[in-house]
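The values are calculated or read from the model by the stated rules, or taken from the named source; none is laboratory data. The model shown is predicted, which means the values in this text are computed figures rather than measured ones. Cβ atoms come from the backbone with ideal geometry, glycine included; neighbour counts cover every protein chain shown.
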Amino acid sequence: MARATIVITGAAILCLQLIASRIMTPFFGVSLLIWTGILSVTLSCLALGYYYGGVFCRGRSAGELRGAFYLGPALSGAWLVAAVLLYPVCLGPLAEMSLVGGAFLASVLLLAVPLVLLSALNPLLVALERPLHGEADAGAGRVFFISTVGSVAGVLVAAFGLIPYLSGRHSILLIAAILCLLGAVGGRGGRVLAVALGGLAAALALGLLDPAGRSGRTARDGENRPWTTIATYPSAFGVLKVVEVGEGAGMLRVLFNDGLAQNGFHADGRPALQFTHFLEAGAIHLVPSPRKILVLGLGAGVIPAAFEARGAAVEVVEINRRAFEAARDHFNYRPGPGTRLVFADARTQVRRCGPDHDIVFVDLFSGDGIPEHLLTREFFADVRRCLAKGGVVAINSFLDAAHMEPTRAVLATLADVFGRVAFVEQAHPPSRPITNGFLFAAREPGRLDHLAAMRVEATDRISPHMAEQMAASLKSLRIVDAASPLVAGAPTLSDDDNPLAALAASAQMAYRRGAVSTVPDPILAD
């Protein structure tokens, strides 16, 4: 029983670390500095648990050691139940205080107590088994071996069994229930049994009171608008939420992934975010009659649906099958016979495509930006090989006017592959420097000069207000090549040398701070 407990608690330690990162992502993001906080707290707590577990063993009887051994899981489970009640109201204020410092404190809230208690079980079990073994290490090697085997199992269980199917809240409650059950079975009486049964009952009650997760929850923002989560899609690639903002004719339905808006629609069915309109209009201006389209990143299905309506053959590459489910269920995306939907990593798929695509759209985001392996010279070279003669690529990206280093590096990399790149900064008020950047490149670089003559007019899909915004954005058009001052000194990103994580850390945190200050905490909480 004791060895089984070590295996299960070893699994719980790694499960908790992965699930805690998922819970924290909507509030703190996934930048390099945030992960530094999570890992630092995790390792510090494990070290404390190993040390003080060894200190506790000195001069203790076997009965005392056995009681403490099963009290640890019971107390850990009880704390996790309390953490489920605390984190939805604590993580938002911590994130607004400081993303980096708040991430450290949030990690302490979620992980410190269970990780210290559960890691202390290893020296406790060594002490319990010392009379049974004559080895020089008193069985320590065996104990840490089976604990590590449990940790490996925990990674697999979290990645394939919990995160894709359960909310972070329900995952933690399940782990809490298992830990309390271990304490109840092993403790067999006294205070251990009382703590274990109390924690088990609380975990089950909280899970049953909210069996469907966080859907159906409504909160209000600083403008007193209601935000209602109408559907939640846990997945291995982040938590997707469909949220309705406002009410009546002014209502927006928005698809969020880990707290960041992917796309949205007005109540009248028109796409609400400018990037889809601008990328579509710019690509059509450069290639007026496209026959074959490659879309990397489904979002809410806006761009694939628009080009299928034009009669083009569309291939959509999306890594997350649940994104398609959200687009189908809540954004009326119905791929027709002219659309091929592929669930794969975009990097893998572009290596296989032939040079027959008139337009390639790149709208790939995970966490707080585009994944690093999708912004390298090698990736863009593969995209260029996908283009037919006269073909163009249209890319959506984040842009922080106060931290231009990552944008300059991406522009330098595109200029290195395509020769020239058109860069448009989405119009924004000076008080909000974080916005989108629209990038266009072409197999024939001279084609980009035609963008300067693009006209933006209201249509049944583009409101007069949206057309005005797009026209304002177009005024920032710049054609960039390797000799342009904008990219002077900027690194070219490659698979072998890619400093993007460090370059983008400040911009990503700024973008996350904007999301946290805009989206109500109950919508972010998983």
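Could you tell me which residue of the stretch 153-196 is surrounded by the fewest Cβ atoms within 10 Å (Cβ to Cβ), considering only residues that are not aromatic (Phe, Trp, Tyr) and not in a helix (DSSP H, G or I)?
Gly189
Table: residues versus (1) hydrophobic (A, V, I, L, M, F, W, C); (2) crowded, with 20+ Cβ neighbours inside 10 Å; (3) modelled with pLDDT under 85.
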residue: Gly198; (1), (2), (3): no, no, no
residue: Ala205; (1), (2), (3): yes, no, no
residue: Tyr233; (1), (2), (3): no, yes, no
residue: Phe265; (1), (2), (3): yes, yes, no
residue: Arg270; (1), (2), (3): no, no, no
residue: Leu273; (1), (2), (3): yes, yes, no
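Would you confirm, using the coordinates I've provided, whether Arg334 is among the charged types (D, E, K, R), over 20 Å from the mean Cα position of the chain (by Cα), farther than 26 Å from Ala490 by Cα and part of a loop (DSSP other than H, G, I, E, B)?
When the stated conditions are applied, Arg334 passes them.
Please determine, by comparing only the residues of the stretch 391-417 that are assigned to a helix (DSSP H, G or I) and among the β-branched types (Val, Ile, Thr), which one is farthest from Asp368 (Cα to Cα).
Residue satisfying both the conditions and the ranking: Val417.
Looking at the stretch 441-473 only, could you name the residues that are crowded, with 18+ Cβ neighbours inside 10 Å and part of a loop (DSSP other than H, G, I, E, B)?
Across the stretch 441-473, the qualifying residues are Arg443, Val456, Ile462.
Out of curiosity, is Val30 out of contact with any Phe, Trp or Tyr (no Cβ under 7 Å at 6 or more places or on another chain) and either in the same structural domain as Ala159 (by TED's automatic domain parsing) or not β-branched (Val, Ile, Thr) (or both)?
Yes: the conditions hold for Val30.
Within the stretch 276-304, work out how many residues are surrounded by fewer than 22 Cβ atoms within 10 Å (Cβ to Cβ) and under 14 Å from Gly336 (Cα atoms).
0
What are the residue pairs meeting all of these: first residue in the stretch 443-461, first residue assigned by TED's automatic domain parsing to the domain that holds Val417, second residue among the charged types (D, E, K, R) and not in a loop (DSSP other than H, G, I, E, B), Cβ atoms under 6 Å, and 6 or more apart or on different chains?
Pro445/Arg420; Leu448/Arg420
Considering only the stretch 474-499, state which residues are surrounded by fewer than 22 Cβ atoms within 10 Å (Cβ to Cβ), part of a helix (DSSP H, G or I) and touching a helix residue (DSSP H, G or I) at 6+ places or on another chain (Cβ under 7 Å).
Leu486
Among (1) in contact (Cβ under 8 Å) with a residue 24 or more places away in the chain; (2) in contact with a Leu (Cβ under 9 Å, 6 or more places away or on another chain); (3) surrounded by fewer than 21 Cβ atoms within 10 Å (Cβ to Cβ), where does Lys241 come up short?
(3)
Report, by residue number, each residue of the stretch 79-109 that is of a type in the set (Gly, Ala, Ser), more than 25 Å from Thr218 (Cα to Cα) and surrounded by fewer than 21 Cβ atoms within 10 Å (Cβ to Cβ).
Ser98, Gly101
Can you list the helices (runs of 4 or more DSSP H) found entirely within the stretch 33-152 that contain at least 3 residues being without any contact (Cβ under 8 Å) to a residue 24 or more places away in the chain?
Hits in the stretch 33-152: 62-97.
Could you please find all residues in the stretch 36-56 being buried (at least 19 other Cβ atoms within 10 Å of the Cβ) and more than 34 Å from the chain's Cα centre (by Cα)?
Gly53
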